[in-house]
Amino acid sequence: MKQFKTLLFAFFIVTQISFSQVRIVRELDNNWKFQKGDFENAFQTNFADSKWQTVTVPHDWAIYGPFDKEIDKQSVAIVQNGETAASEKTGRTGSLPHVGTAWYRNKFTVSAAEKSKKVILLFEGAMSEPQIYLNGKKVGEWAYGYSYFYFDITDFITAGENTLAVKLTNKEFASRWYPGAGLYRKVSLIIKNKESIDQWGTSVTTPFISKDEAKVNIKTKASGENGYLVTTIFDANGQKVSSDKVTTKFGNEFDQNIKVQNPKLWSPETPYLYKAVSQWFVGSELKDEVTTRFGIRDIKYEANKGFSLNGEIRKFKGVCLHHDLGPLGTAVNVAALRRQLTILKDMGCNAIRSSHNMPSLEQLELCDEMGFMFLAESFDEWAKPKVENGYNRFFEQYAEKDIVNLVHATRNHPSIVMWSSGNEVPDQWGDEGVKRAKWLQEIFHREDPTRPVTVGMDQVKATMESGFGALLDIPGLNYRVHLYEEAFKKFPQGFILGSETASTVSSRGIYKFPVVQAKDKQYPDFQCSSYDLEACSWSNVPDEDFVLQDDKPWVIGEFVWTGFDYLGEPTPYDEKWPSRSSYFGINDLAGLPKDRFYLYKSRWNKSEKTLHILPHWNWEGREGQVTPVFVYTNYDSAELFVNGKSMGIQKKNNTTPQNRYRLMWMDVKYEPGTVKVVALDKDGKAVAEEEIHTAGKAYKIVLDPDRKTIKADGKDLSYVTVSIVDEKGIPCPNAVNQLQFKVTGKGTYRAACNGDATSLELFHLPTMKAFSGKAVVLVQSLKEAGNIELTVSAKGLKTAAVTLNSSN
Ligand code: GAL
């Protein structure tokens, strides 16, 4: 059990110093008992759970597999994909055993002194339909697996041992992707005084900002009378900036305006964070203390100007992300989230959309710190179903409560610049849907008057007719590049957001011939080509979005589907077993970059030069055959050489979207050896070069950890990229050797992933095939610090080992 204690700082308010603990936040992470199945009496205190599995939370019960074609097999026509006849979809929700009922039980102790306090039980997500029991009594329930929710359990708690039991139920036909299963986000106990600040009771906004000063408005809800609230703002170095004391409450809310001189503004480039410490005194006794991290920043969305942050017009260079973390499943992990964001930052990405549900609080904290703008989404369905057992079952009863909790729990994150009330909801059709769109948007406005609301719309024509699109703060178009102009004319807002773009499909390191643009293209190996010319019938290749982003000042940016591959939705192989994860990612399921990473990087990352050659150059059997070479670069032109022979100079031009954004040599004939690209400046002078080589026989393994030193907290992860190379160290792009992993010392083997969407190997077993010459191994720390050694071996290859280190 982990305990965070809020202590008073000596330098702070010296007179009141007591070092008393006014609030305890205890994460319930260890010693959970878990069992799949339904048990009539599992809610009872004396239920015998000693034979149940002991797990830590966050936990995803389904990620350990096995993959099975029959799990949640859906015989449906996916209407929003334009299908009219039902067909069998096997990997749609990942083919992992997430369907069914399971129980978690946890025993925790509360002292007699704590028993006299107010106790809150907080869940940051529970998949799904949680029923919560404490000491044999039902505390409450929720429905949506992505919601944050809490209960006041003061009347249920006893001094001494308490037994918490949680029942979760996942129905089949409830999702369009892998939803995960279980207590996959944090569970905490909050023990505080009866007179205290409400859960999610602070709201910080920055309604006025100039160079010299910012007005920070802080609203604080607290229970108890005859007291006063002191709010003190600290800068990022912990220096006190200003403080304010207030005695008047309106209802249960204090309202303060505090001046910050020479404010440092939050932006993706300068993610500067302040802290507001709220202290609630009754009489003169400190009753509660809450710290809220916030940023000072200004957002505006204006007709014909677009979006501006701190007065500067900019576009969203965003990606959509599902919540699963590949081989970890949905169990939230800070190291995994940070790695994703690090990769995206390197690509020049500046925004994330949590498609199509509430993000983890950990992800928002990282976005605040690392500098990403955030589109926080809520629902994939309203009242009308996309899948039989989807959110439509809960909409009427829960939609308002779910939005209120989303806003209250996350509104102080400066990263959030926009809400979304829905994605491609079938309610885009019909009058009721227009009313629902208005209703939901008004709930967001009521709870947070500072941020606009969007809906990702795919039925753009219908929403033009019905008024649905016109009423939204931000009209979001999903795909439909051909309708942007018309939507801009018809909708009154004066700008359009590419709320979801591209849905280009590719498999890392796989290239198909002939190289032609295609929709819904399938191949016998169930892979997609990395020439990045294949998309779905409803979607498009990246370059078509780039044209709109670059030529239309009223397009305020895009959120590419998706930043990383995710479990489930293996389009275009929805009907093909064993495809079980997506092909849409710019990075694969292991987080390894596909070629598309460099296409986006060449546009988005202005501080680095990109010069990336594709395909690989190991095409035994293709000698003399046309094997086009593409270069993704922010240089305007380049000359290509194969074994020293020039293939000519290519220059970006406006003849087609591809010619505008890629350099392409379509007639190159394959011969083994070296492909070299030389980038040229305006005067034709060589300014940079890059080469790739044909690899010889696979010879050895090379290991490359993303972090050599990790925290000894039992949670932190090092992601070690495993590459198979030849004797000279050239990567072998076709290697598929079966790898064996062994971890010794102060760490454990956690999982591996190779990015192959058709692989049925289980992530948590210490062996996996390489895919396109690579795989990634996740090594987890223990709570004890020290050295950790990872050894990777494969038959016929030289073994490799790397020593990592964990510290406190
Ligand atoms: C969109 C949808 C996404 C995903 C994507 C695949 O229409 O919003 O959730 O299904 O298509 O292209």
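Against the test of being in contact (Cβ under 8 Å) with a residue 12 or more places away in the chain and surrounded by fewer than 17 Cβ atoms within 10 Å (Cβ to Cβ), the options GLY755, GLY729, GLY747 yield a single qualifying residue, GLY729.
TYR600: more than 12 Å from the ligand (Cβ to nearest atom), crowded, with 22+ Cβ neighbours inside 10 Å and within 25 Å of the chain's Cα centre (by Cα), yes or no?
Details: more than 12 Å from the ligand (Cβ to nearest atom): yes; crowded, with 22+ Cβ neighbours inside 10 Å: yes; within 25 Å of the chain's Cα centre (by Cα): yes.
Against the criterion (more than 12 Å from the ligand (Cβ to nearest atom), crowded, with 22+ Cβ neighbours inside 10 Å and within 25 Å of the chain's Cα centre (by Cα)), TYR600 qualifies.
Within segment 159-173, take every residue that is open to solvent by less than 40 Å² (accessible area, probe 1.4 Å) and of a type in the set (Gly, Ala, Ser) and give me the one that is nearest to the ligand (Cβ to nearest atom). Please lay out each step first, then the result.
Kept after step one, since they are open to solvent by less than 40 Å² (accessible area, probe 1.4 Å), are these residues of segment 159-173: 160, 162-166, 168-170.
Then keep just the ones that are of a type in the set (Gly, Ala, Ser); that gives 160, 165.
Working: GLY160: 48, ALA165: 34 Å.
Among those that are open to solvent by less than 40 Å² (accessible area, probe 1.4 Å) and of a type in the set (Gly, Ala, Ser), it is ALA165.
When ALA785 is tested against the conditions (1) over 25 Å from ASP29 (Cβ atoms); (2) touching a Ser or Thr at 6+ places or on another chain (Cβ under 6 Å); (3) open to solvent by 10 Å² or more (accessible area, probe 1.4 Å), the lone failure is (1).
Return the residues of segment 300-323 that are small (Gly, Ala, Ser), open to solvent by 30 Å² or more (accessible area, probe 1.4 Å) and in contact (Cβ under 8 Å) with a residue 24 or more places away in the chain; say none if nothing qualifies. Steps first, please.
Taking segment 300-323 first, the residues small (Gly, Ala, Ser) are 303, 306, 308, 311, 318.
With open to solvent by 30 Å² or more (accessible area, probe 1.4 Å) added as a condition, the list becomes 303, 311.
ALA303, the sole residue that qualifies.
Quick one: would you say ILE586 is touching a residue at least 40 places away in the same chain (Cβ under 8 Å), of a type outside the set (Ser, Thr, Tyr), crowded, with 22+ Cβ neighbours inside 10 Å and within 16 Å of the ligand (Cβ to nearest atom)? Taking the combined requirement at face value, the residue satisfies it.
The residue of segment 366-397 that is nearest to the ligand (Cβ to nearest atom), among those that are touching a residue at least 60 places away in the same chain (Cβ under 8 Å) and over 22 Å from MET457 (Cα atoms), is PHE372. Checked against (1) open to solvent by 10 Å² or more (accessible area, probe 1.4 Å); (2) not in a strand (DSSP E or B), ALA143 meets all criteria but (1).
A quick yes/no check of all residues on (1) open to solvent by less than 10 Å² (accessible area, probe 1.4 Å); (2) in contact with a helix residue (DSSP H, G or I) (Cβ under 8 Å, 6 or more places away or on another chain); (3) more than 29 Å from ASP298 (Cβ to Cβ); (4) modelled with pLDDT under 95:
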{"position": "GLN441", "(1), (2), (3), (4)": "no, yes, no, no"}
{"position": "THR454", "(1), (2), (3), (4)": "yes, no, no, no"}
{"position": "THR463", "(1), (2), (3), (4)": "yes, yes, yes, no"}
{"position": "PRO475", "(1), (2), (3), (4)": "yes, yes, no, no"}
{"position": "ASN478", "(1), (2), (3), (4)": "yes, no, no, no"}
{"position": "HIS482", "(1), (2), (3), (4)": "no, no, yes, no"}
{"position": "SER506", "(1), (2), (3), (4)": "yes, yes, yes, no"}
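Of everything listed in (1) within 16 Å of the ligand (Cβ to nearest atom); (2) in contact with a Gly (Cβ under 8 Å, 6 or more places away or on another chain), the single unmet condition for SER506 is (2).
Among the residues making up segment 758-779, those that are open to solvent by less than 30 Å² (accessible area, probe 1.4 Å) and either polar (S, T, N, Q) or without any contact (Cβ under 8 Å) to a residue 24 or more places away in the chain (or both) are THR758, SER759, SER772. Search segment 254-269 for residues that are at positive phi and part of a strand (DSSP E or B) and pair each with any residue that is open to solvent by 60 Å² or more (accessible area, probe 1.4 Å) and of a type in the set (Asp, Glu) when their beta-carbon atoms are under 7 Å apart and the residues are at least 6 apart or on different chains. Here the result reads none, with nothing in segment 254-269 linked to a residue that is open to solvent by 60 Å² or more (accessible area, probe 1.4 Å) and of a type in the set (Asp, Glu).
Residues checked against (1) of a type outside the set (S, T, N, Q); (2) open to solvent by less than 30 Å² (accessible area, probe 1.4 Å):
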{"position": "GLU623", "(1), (2)": "yes, no"}
{"position": "VAL629", "(1), (2)": "yes, yes"}
{"position": "LYS651", "(1), (2)": "yes, no"}
{"position": "THR656", "(1), (2)": "no, no"}
{"position": "ASN659", "(1), (2)": "no, no"}
{"position": "ASP681", "(1), (2)": "yes, no"}
{"position": "TYR699", "(1), (2)": "yes, no"}
{"position": "ASP704", "(1), (2)": "yes, no"}
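Residues satisfying the criterion are absent from segment 625-642 (criterion: assigned to a loop (DSSP other than H, G, I, E, B) and of a type in the set (Gly, Ala, Ser)). Checked against (1) under 21 Å from PHE526 (Cβ atoms); (2) open to solvent by less than 10 Å² (accessible area, probe 1.4 Å), TRP577 passes all but condition (2). Count of segment 528-560 residues, restricted to those that are open to solvent by 10 Å² or more (accessible area, probe 1.4 Å), more than 16 Å from the ligand (Cβ to nearest atom) and part of a helix (DSSP H, G or I), is 5. Among the hydrophobic types (A, V, I, L, M, F, W, C) and open to solvent by 10 Å² or more (accessible area, probe 1.4 Å): is that true of ALA487 in this structure? Taking the combined requirement at face value, the residue does not satisfy it. Of everything listed in (1) surrounded by fewer than 16 Cβ atoms within 10 Å (Cβ to Cβ); (2) within 21 Å of ASN587 (Cβ to Cβ); (3) of a type in the set (Phe, Trp, Tyr), the single unmet condition for TYR511 is (1).
Among residues of segment 535-550 that are among the small types (Gly, Ala, Ser), those with a beta-carbon under 9 Å from a residue that is modelled with pLDDT under 95 at least six positions away or on a different chain give the pairs SER537/ASN81; SER537/GLY82. Say whether the condition of being surrounded by fewer than 17 Cβ atoms within 10 Å (Cβ to Cβ) and among the β-branched types (Val, Ile, Thr) is met by at least one residue in segment 220-241. Within segment 220-241, none of the residues are surrounded by fewer than 17 Cβ atoms within 10 Å (Cβ to Cβ) and among the β-branched types (Val, Ile, Thr). Among (1) under 30 Å from TYR719 (Cα atoms); (2) surrounded by fewer than 24 Cβ atoms within 10 Å (Cβ to Cβ); (3) more than 17 Å from the chain's Cα centre (by Cα); (4) more than 13 Å from the ligand (Cβ to nearest atom), which single condition is PRO593 missing? For PRO593, the failing item is (3). Every test in (1) open to solvent by 10 Å² or more (accessible area, probe 1.4 Å); (2) assigned to a loop (DSSP other than H, G, I, E, B) is passed by LYS138 save one, and that test is (2). Can you tell me how many residues in segment 274-320 are of a type in the set (Gly, Ala, Ser) and touching a Ser or Thr at 6+ places or on another chain (Cβ under 7 Å)? The number of residues fulfilling the criteria is 2.
The values are calculated or read from the model by the stated rules, or taken from the named source; none is laboratory data. On a predicted model such as this, the values are computed, not experimentally measured, just so you know. As a convention, Cβ positions derive from the backbone with ideal geometry for all residues, glycine included, and neighbour counts pool all protein chains shown. These accessible areas exclude ligands, DNA and RNA; they are computed on the full protein's heavy atoms, side chains included. Shrake-Rupley method; radii C 1.70, N 1.55, O 1.52, S 1.80 Å.
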